[in-house]
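Visitor: Quick one: this structure, given as structure tokens, is what I'll be asking you about.
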Amino acid sequence: MQFRRVRRDDGFVYEVREWDCWVAREGWEPFGPSPYSVDYQVARDDEHRRHTDCALPLQPLSFRDFMLFEQHNVDAARGLLRRFHPRISRVASAYEKTTRRVFPMLRPHRLFYRQPMYYMSNHVTFLPSGAPVAFPNYSSALDWELELGFALSRPLRDATSEEALAAIGGFMVLNDFSARDVQREEMSSGFGPQKAKHFANSLSETIVTPEEVVPRIDEITGSVSVNGSLVSEVSAAGMQWSIGEMLAHASRSETLLPGEVFATGTLPGGSGMEVGRWLEPGDQLTLVLDGIGRIEHTVVAAPVIEAVPS
């Protein structure tokens, strides 16, 4: 079942798609009662509504972004070296051609193979589809990352994989914008991504219930287009950890609450750094996961910051 959250004069209501129509489901809260006041949610939506009629599918309570795909990590690392470290890139390429093995520094950290890995991102900078996205004023390397996201409908703590799956309220398309030119140094600091990630994320308007996603999770496909031209096709096949395993891990000795958002990390081929297509002001970006939803953005230049007279 596909559903969406729409604005009304008195707040929000969820609508369910029935054939070609959207039907309001009064009083339904698929992600539990929101801890945010209606006034707060309306104020955030007013900010977005200046640019788009789409509403966020929920006001996230938090955002944990995992890394489940080894192939994305390897290909993204290759792309990073090509742009920012061309000398090392040539060494890595020669090594791989000679040995027919992945250059060691391109592989994920060894912890990736022992447990699901994630970082806490910024849950208050989510944008709906249709909102313009500006370059951060400290970056010239803006990138997209196409991911499968989901949100909880009930609390979890020390859950099994099966219990974790049963607590998911719906799946959506998630885009994790990244400033690649500042990301590498931040990651090497030991504190994880900071300004490289926290300036913007986005979610599709539509959400799909778990029974339509979980049974075919490895068969999910999608695409990325820029200015109407296809630049990448993606697949969710090849996860190192299952959705249930990653969510169960997050719940170890920690209570997870309805409305918290999680993501799989970038699907292989789902970032510009992997395919060599970097965003520029004026680009029209479209991200799609088939049968789940889509996200569209216009990319704009960083806002000019006026100097303050001394």
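Visitor: Which percent of the accessible heavy-atom area of the stretch 43-93 goes to carbon and sulfur, probe 1.4 angstrom?
Guide: 49
Visitor: Please determine, in degrees from 0 to 90 and to the nearest 10, the orientation of helix 38-49 with respect to the longest principal axis defined by the Cα atoms of the chain, where the helix direction is its Cα long axis.
Guide: It works out to around 50 degrees.
Visitor: While we're looking at this one, here's another question. Skip the ligands, DNA and RNA, and give the accessible area per residue of the chain with a 1.4 Å probe, whole Å².
Guide: 48
Visitor: Same structure, new question: Label the stretch 63-180 by shape, choosing from rounded, prolate and oblate, from the square roots a ≥ b ≥ c of the eigenvalues of the Cα gyration tensor; if a/c is under 1.5 it is rounded, and otherwise prolate applies when a/b is larger than b/c, oblate when it is not.
Guide: Note, shape of the stretch 63-180 comes out oblate.
Visitor: List the relative contact order of the chain as a percent without decimals, with contacts defined as Cα pairs under 8 Å and 6+ residues apart. Could the numbers behind the result be given before it?
Guide: Working: 669 pairs, mean separation 80.2, N = 310.
Relative CO of the chain lands at 26 percent.
Visitor: A follow-up question, please. Tell me the carbon and sulfur percent of the accessible area for the stretch 234-283, rounded to whole percent, probe radius 1.4 Å.
Guide: Using a 1.4 Å probe with all protein chains present, the stretch 234-283 comes out at 47 percent carbon and sulfur.
Visitor: Can you tell me which of 12, 177, 199 moves the most in a GNM of the chain? Springs connect C-alpha atoms under 10 Å apart.
Guide: For the chain, modelled as a Gaussian network with Cα springs under 10 Å, the answer is 12.
Visitor: Okay, next question. So in the chain, what percent of DSSP beta bridges are antiparallel if you round to the nearest 5? Numbers along the way, then the final one.
Guide: Details: 54 of 63 bridges.
Beta bridges within the chain, antiparallel portion: roughly 85 percent.
Visitor: Same structure, new question: Dimensions of the stretch 205-310 along principal axes (Cα, Å, largest first)?
Guide: 54, 40, 25
Visitor: Quick check on the stretch 137-249: what does the Kirkwood estimate of hydrodynamic radius come out to from the alpha carbon pairs, in Å?
Guide: After inverting the mean inverse Cα-Cα distance, the result is 16.1 Å.
Visitor: Something else: Using only Cα atoms and rounding to the nearest 10 degrees, what angle (0 to 90) does helix 86-99 make with the longest principal axis of the chain?
Guide: So the inclination is approximately 80 degrees.
Visitor: I've got another one for you. May I ask you to order 104-110, 159-165, 278-284, 259-265 by the average number of other C-beta atoms within 10 Å around their residues, highest value first?
Guide: Ranked by mean Cβ neighbours within 10 Å, highest first: 259-265, 159-165, 278-284, 104-110.
Visitor: Calculate the dipole size of the chain relative to its Cα centre from +1 charges on Lys and Arg beta carbons and -1 charges on Asp and Glu beta carbons; express the result in debye to the nearest 20.
Guide: Once rounded to the nearest 20, the dipole reads 1420 debye.
Visitor: With Kirkwood's inverse mean 1/r over C-alpha pairs for Rh, give me the Rg to Rh ratio of the chain, two decimals please.
Guide: Radius of gyration relative to Kirkwood radius: 0.97.
The values are calculated or read from the model by the stated rules, or taken from the named source; none is laboratory data. Only a predicted model underlies this, so the values are computations on that prediction, with no experimental measurement involved. Using ideal geometry, Cβ is built from the backbone for each residue, glycine included, and neighbour counts are taken over all protein chains shown. Just the protein is used for accessible areas: all its heavy atoms, side chains included, with ligands, DNA and RNA removed. Shrake-Rupley method; radii C 1.70, N 1.55, O 1.52, S 1.80 Å.
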